[in-house]
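What follows is one structure encoded as structure tokens, with my remarks underneath.
The values are calculated or read from the model by the stated rules, or taken from the named source; none is laboratory data. Remember, predicted model here, so these are calculated numbers, not experimental data. Reconstructed Cβ throughout: ideal geometry from the backbone, glycine too, with neighbour counts over all protein chains shown. Surface accessibility is based on the protein's heavy atoms, side chains included, excluding ligands, DNA and RNA. Shrake-Rupley method; radii C 1.70, N 1.55, O 1.52, S 1.80 Å.
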Amino acid sequence: METPGPSYRATFAVPGFGRLVVAGLIGRAASAMLNVVLVLFVLERFHSPGLAGVAVFASIGPSLFLSPIAGALLDRYGRVRLIMLDYLVAAAALGTMAVLSSVGQLSPPLLVILAMVSGITGMLSAAGMRTVVPLMLPDDLWGRGNAIDSSGSTITIIVGPALGGLLVGLLGPEAAIGVTVGLYATGAASLLGFPEPGERGIEGSLLASSLAGMRYVLRHAILRGMAISLTVLNIGAGILVVAMPVLVLRQMHGDSTTVGVLWALQGVGGAVSGFIAGRFETRRRERQIILAGILATAAATAVIAAAPNVYILGLACLLLGLVTGPLDVTLFSLRQRVTGQQWLGRAIAVSMSLNFAGFPIGSGVSGAFIAVDVRFALAVAAGLSLAGAGLAALLLRPPPMAALEPEPEPLALRG
């Protein structure tokens, strides 16, 4: 009997994969919605772009700092139960935030603390979902699995921000936060009884395992190059996520719904281009795709900075999404391809956190740039994207990119 070739149908035929995709969609919808809702919540309740940036930083930064421990926990105890734990922690912290705000007891310091608690376990689900895909699927389906995973993530960018902006506009920010609580709780419930894929139970202390994962990534030429270039790129993304709503609300006389629609346009572009990209083999062409994607991101961000009206802004957001889809699929597949299976949890958690580290930094400093001028802040974001492309061209050179098999365990980590 002839074995069917790689296809999306074959990918969804793998037992449990469809259920995992649904659970991931629910959890990521909550996260995507929260990214916009938290900014709008702070702007409406405290009228402070600076505090909005700090709140976004608090909701993301600590989980990135703790990523080596998160990765070690994933390799040691499995993925599914820890993904559920993250969703429940986020639901509890955000529920507390909504209740305190409703009764007038939410101060700025308490807001920042609750934002930090809501995201402190975030890497458990972020890296957990990414590591489950290669464990569940044969390697010839990784491209399509990553495309489904990435496009599903961008689909949530369509639903999450649009729904969040609409709920903030119609019912108020507390109601919008309440919906994210419900989504996180539903995502956790949907994984009840899900079997743990792959092997787990690494030996040694948790601290030693965490440090080993960090050393593995830093000594890995490709993972290290990705981390440096994408950190700079994502500083610009962190500025963008705060500055664009300020541009819409203050200079274009839009509202929360408008902000949600603009982020949704980005999600539409990413979902479409991601599914298309998943149909093509990226092996040996990663460098070209990554460079083209980052350069196009810089161009789209520059258009956002100069947009004279909301219509041009919408086209730029759509363009930004279109270039994000292939870039994400390529990055995810490359990271999985060059990482040994015994290192998946630790290496991917550390790599993802290093790649994304720029985002909370950008959000945290965005208020200072916006205080000068919001378009200046967006121009800085575009410049940082361009710098990220330069670093990728320098660090992801053809010789290391040709080594697309997992690097051996560093000598210092053996034994």
In Å², what does the accessible area per residue of the chain work out to with a 1.4 Å probe?
39 Å²
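Once a ≥ b ≥ c are taken as the square roots of the eigenvalues of the Cα gyration tensor of region 351-402, is the result rounded (a/c under 1.5), prolate (a/b larger than b/c) or oblate (a/b not larger than b/c)?
Values: a/c = 5.66, a/b = 2.01, b/c = 2.82.
Judged from the Cα gyration tensor, region 351-402 comes out oblate (a/c at least 1.5, b/c at or above a/b).
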Along the Cα→Cβ direction, 7 angstrom out, place labels at HIS253 and LEU206. What is the inter-label distance in nm?
5.5 nm
Distance histogram in 20 Å bins (all Cα pairs of the chain, percent per bin)
28, 61, 11, 0
For region 54-177, shape from the Cα gyration tensor axes a ≥ b ≥ c, cut at a/c of 1.5 then a/b versus b/c, turns out oblate
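Expressed as a rounded percentage, what relative contact order does region 56-157 have, with Cα pairs under 8 Å and six or more residues apart? Write down the numbers at each step before the final one.
Values: 85 pairs, mean separation 41.6, N = 102.
Result for region 56-157 is 41 percent.
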Quick shape summary for region 173-315, equivalent ellipsoid via Cα gyration tensor, semi-axes whole Å in descending order, reads 34, 25, 17
Region 1-104: translational diffusion in µm²/s, Stokes-Einstein, Kirkwood Rh over Cα pairs, 10 °C, 1.306 mPa s
95 µm²/s
Normalised radius of gyration for region 88-238, please: alpha carbon Rg relative to 2.2 N^0.38 Å, two decimal places.
1.27
Which three semi-axes in whole Å describe the equivalent ellipsoid of region 66-115, each the square root of 5 times a Cα gyration tensor eigenvalue, listed largest first?
30, 12, 4
With 0.36 nm assigned to each residue of separation and the Cα-Cα distance removed, ALA92 to GLN288 gains 66.3 nm
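Would you rank HIS253, HIS220 by solvent-accessible area, highest first, keeping every protein chain in place and using a 1.4 Å probe?
Values: HIS253 155, HIS220 0 Å².
Solvent-accessible surface, decreasing: HIS253, HIS220.
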Loop-located trypsin sites (Lys or Arg not before Pro) in region 160-261 whose Cβ has at most 16 other Cβ within 10 Å (DSSP):
ARG200, ARG219
As a check on your grasp of the helix formula, calculate [θ] at 222 nm for the chain: sum -39500 (n - 2.57) over DSSP H runs of n ≥ 4, divide by the residue count, round to the nearest 500.
-26500 deg cm²/dmol
Between the Cα axis of helix 49-65 and the main Cα principal axis of the chain, the angle (0 to 90°, nearest 10) is 20 degrees
To the nearest 10 degrees, the tilt of helix 310-337 (Cα long axis) against the first principal axis of the alpha carbons of the chain is 20 degrees
Using only the alpha-carbon atoms of region 298-389, report the extent along each of the three principal axes, biggest first, to the nearest angstrom.
50, 28, 19
Solution diffusion estimate, µm²/s, Stokes-Einstein, region 217-277, Kirkwood Rh from C-alpha pairs, 10 °C, viscosity 1.306 mPa s
114 µm²/s
For region 236-366, what % of the accessible area comes from carbon and sulfur atoms, probe 1.4 Å?
68 percent
Cα-based helix-to-principal-axis angle, 173-190 vs the chain, degrees rounded to 10:
20 degrees
I need to check one value: relative contact order of region 236-331, counting alpha carbon pairs closer than 8 Å and at least 6 residues apart, in percent.
42 percent
